[in-house]
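Structure first, then comments.
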Amino acid sequence: MIKIEKRNDVPMALYFFTPFIAIILTILGGGIIFYILGFNPIEALKFYFITPVSNLYGLSELLLKATPLCLIAIGLSFCFKSNNWNIGAEGQLTFGAIVGGGVALLFYNQEGFHILPLVILAGAIGGMIFALIPAILKTYFNTNEILVSLMLVYVSKLLLDYLVVGPWSNPEGFNFPETRQFSDSSRMPLLFEGLRIHAGIFLALGAVMLSWFILYKTYLGFQIKVSGLSLKTAKYAGFKGKTMILVVFMISGACAGLAGVGEITGPIGQLHRMISPDYGFTAIIVAFLGRLNPFGIIFASLVVALTYLGAETAQIFLQIPKYTGQVFQGMILFFLLASDYLLFFKVKNLNLKKNDLRH
Amino acid sequence: MYKNFFRYLISAIFLLGFSVNSNADFKVGFVYVGPTGDHGWTFQHHEGRNAVEAAGIKTTFVESVPEGADAERVIRQLAQSGHDLIFTTSFGYMDPTNKVAKDFPNVKFEHATGYKREHSNVSTYSARFYEGRTLLGHIAGKMTKTNTIGYIASFPIPEVIRGINAMTLAAQKVNPNIKTKIVWVFTWYDPGKEAEAAQALIDQGADVIMQHTDSTAPVQTAEKAGVWSFGQASDMQRFAPKSILTSIIDDWAPYYVERAIAARDGSWNQQDTWHGLKEGMVAMGPYNSAMGADLVKEVEQLQKDLASGKVHSFTGPIYDQKGNILVAEGKVADDGMLAGMSVYVKGVEGDIPK
């Protein structure tokens, strides 16, 4: 017989170190997979993790890819820290993009400095409203927020499908499922000529700073953390649980909405059906890999963004199947959860104890 | 005088060196929208790539590239990593392809099914799938007992509407009572939705199912229900051996090989290609013996006539749903009209979704 017991003394240093262990194990695991597939593992890993960022363009693409992941994960950290399981960031991203994109389309033939801020604001509000649905249902009707937020992903994606095929489709676009191109005033300014990295990265960095301030310097942050540790304690302390649930969902939705609007006003430039390769779901991995810590999330978003780019480079140079990228993301989460388990629990061999008693 | 001579000499040496060099390193890149194993659209492009490879030219492909922000990076990376010719094989790559083409004037780009050629190094190509639809219409018109043909359509773009119309016109010719029922699924690839659509059409009395989507689900549904069906993009016979009467096969291989060799040898130039049965870009799968020898013979003759140009899929008189004349008697629709087709012909039920 073995028994699993909770550890009482989890060292904080180790808590923040295990993500690195998970990444190292993932790289080792990836090497083994490449070897089994018949590739030179060192060469494959080089194309995976070094080649994509070996030039300025690659670095810009890494930041471009990490920006939405970081933004969404920052938002999710508020929810997850307070024991609210918002799984529907992808839907909030999509709805934010719909609302933001709608505003951008209103101004499709106009130029002016006021347009972009309006579009961004609309995106954040869109995401916020969409996140409020599971939050309100949870607080007032006791529904399960995991289920509701997840199901709403499909609602928003189908709504986007409907809009780009029907009422919002480009009148000159031969019925192809896409809207008009946004005007230049609705587009995120590019930071460097010839690179795609755009001003949206400042939104992500701003969110990091703000979330650090809220989580560690305000009463709200304190409430969030206490609720996450123990709901009973939070209630006993007299915290208004319902308001807090609404607030964390709103923050989370706004961040996802910003990520969506950043994509459509940044690299994409219009609305169509494929605005996000499931950033909202991948950001869950990012949030946990970053230990729900604002600065950890920056690091984690860069690592996960690299797995996307690496998968492309590895396929271009070595024709390694591109789906290894998803395998890598899965492995990161798996190893992280596995090492967390060993970190928080210890395994005791009870047989040994019995024998000890007998003698 | 001498100055000019030297300038020419130097540039000649450079060009020579460059072309010899590029001959040895010549590489062709492919960007796919789906996995290579989809048994439909991407599978056929991959077969085309295999043919290029078999012709002794190095190739690379990237599969399942989303048509969003990622496409531009993948295309750019292929251009940056020494690929001289890049095929982008989905409509959604249109703007990214043109954008990257601008920055890499020495790389040639070939975009499938698009209409934008903003730079001299971008060509577009597509196939006259509607010629295949004419054959399907002829077969369907003869085979149906319920006079109802079920059509699973993806998006109301001209290509899809052209296929519906070509099929309906051909079916009406052999069976004036024919009705075409359409279900729009708004996806190119979603086995679940496609199967549901096929079932819905069968329930409405269709005994011939046709699809303008890429999965094998509709033919499998038809096989189970015991109705006729047609394969799409690739030869899907083995997925529904009893039900499939024939398949429209997209055969990109001859075009890909021709364009790759042209690019390697320096004779590549910009063009807008629209090939059909004649050039072999549209091919037909084996005809099901259940059609009977006479019908097979008829269809094979029609296939020859379409290829030779003796018969055109859109020969007047053609009327729209309200009875207005679209193409006058004795005339054929020109390519401009075909490319922008956005109304149903008489005999198609329902409205084009807007």
- request: Rounded, prolate or oblate: pick one for chain A, where a ≥ b ≥ c are the square roots of the eigenvalues of its C-alpha gyration tensor, a/c under 1.5 means rounded, and failing that, prolate if a/b is larger than b/c, else oblate.
  value: oblate
query: Which order, highest average first, do A:141-152, A:197-208 follow once you tally other Cβ atoms within 10 Å for each residue and take the mean per peptide?
result: A:197-208, A:141-152
query: Do you know the relative contact order of chain B, to the nearest whole percent, from alpha carbon pairs under 8 angstrom that are 6+ apart?
result: 17 percent
query: Among B:78-89, A:161-172, B:192-203, A:68-79, what's the highest-first ranking by average C-beta atoms within 10 angstrom per residue?
result: A:68-79, B:78-89, B:192-203, A:161-172
field: Which of B:Leu136, A:Leu160 has the fewest Cβ neighbours within 10 Å, and the rest in rising order
entry: A:Leu160, B:Leu136
task: Could you sort out which of A:Lys157/A:Lys225; B:Lys145/B:Lys297; A:Lys157/B:Lys27; B:Lys193/B:Lys297; A:Lys138/A:Lys232; A:Lys65/A:Lys157 sit more than 28 Å apart by Cα distance in this structure?
output: A:Lys157/A:Lys225; A:Lys157/B:Lys27; B:Lys193/B:Lys297
task: Please give the FRET efficiency for B:Lys331 paired with B:Lys102, using the beta carbon to beta carbon distance and R0 = 41 Å, rounded to the nearest 0.05.
output: 0.55
task: Tell me the label-point distance for the pair A:Ala237, B:Asp320, using the 7 Å Cα-to-Cβ offset, in nm and rounded to one decimal.
output: 6.8 nm
message: With 10 angstrom as the radius, rank B:His46, B:His212 by how many other C-beta atoms surround their C-beta, starting from the fewest.
response: B:His46, B:His212
task: State which helices in chain A qualify, where a helix is a whole DSSP H run, it must extend 24 Å or more along its own axis by its Cα atoms, and its mean Kyte-Doolittle hydropathy must be at least -1.0.
output: A:12-36, A:56-81, A:89-106, A:115-141, A:145-165, A:200-217, A:241-263, A:294-318, A:324-344
- prompt: How high is the relative contact order of chain A, given as a whole-number percent (alpha carbon pairs under 8 Å, six or more residues apart)?
  reply: 34 percent
query: What does the average come to when, for each residue of peptide B:153-161, you count the partner chain Cβ atoms lying within 10 Å of its Cβ?
result: 3
message: I'd like the distance between the alpha-carbon centres of region B:115-157 and region A:205-254, rounded to an integer number of Å.
response: 56 Å
- request: From other protein chains only, count the Cβ atoms within 10 Å of every residue's Cβ in A:311-321, then give the mean.
  value: 4
- request: Quick one: grab the alpha carbon gyration tensor of region A:129-254, order the square roots of its eigenvalues as a ≥ b ≥ c, and give me rounded if a/c is under 1.5, else prolate or oblate depending on whether a/b is larger than b/c.
  value: oblate
- request: Go through region A:239-319 and name the trypsin sites (Lys or Arg not before Pro) that are in a DSSP coil and have 12 or fewer other Cβ atoms within 10 Å of their Cβ.
  value: A:Lys240
message: Per-residue Cβ counts within 10 Å, from other chains only, averaged over B:60-68: what number is that?
response: 6
statement: The relative contact order of region A:1-132, taking Cα pairs under 8 Å that sit 6 or more residues apart, comes to a percentage of 16 percent
- request: Return the calculated 222 nm mean residue ellipticity for chain A, to the nearest 500 deg cm²/dmol, obtained by summing -39500 (n - 2.57) across DSSP H runs with n ≥ 4 and dividing by the residue count.
  value: -23500 deg cm²/dmol
message: Between region B:274-288 and region A:136-180, how far is it from one alpha carbon centroid to the other, in angstrom?
response: 39 Å
statement: Of all DSSP beta bridges with both partners in the protein assembly as shown, the antiparallel percent, nearest 5, is 25 percent
message: Just to be sure I understand the model, the point goes 7 Å from the Cα along the line to the Cβ. What's the resulting A:Leu147 to A:Gln326 distance in nm?
response: 2.6 nm
Inter-label distance for B:Asn177 and A:Met209, nm, one decimal - labels placed 7 Å from Cα along Cα-to-Cβ: 7.7 nm
- prompt: Could you put A:Tyr15, A:Tyr308 in order, starting from the residue whose Cβ has the fewest other Cβ atoms within 10 Å?
  reply: A:Tyr15, A:Tyr308
message: Which of B:Met210, B:Met291, B:Met281 ends up with the largest GNM mean-square fluctuation for chain B, with Cα atoms connected below 10 Å?
response: B:Met291
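No lab work stands behind these numbers, since they all come straight from the coordinates. The structure displayed is predicted, hence computed values, not measured ones. Here Cβ is always computed from backbone atoms with ideal geometry, including for glycine, and neighbour counts include all displayed protein chains.
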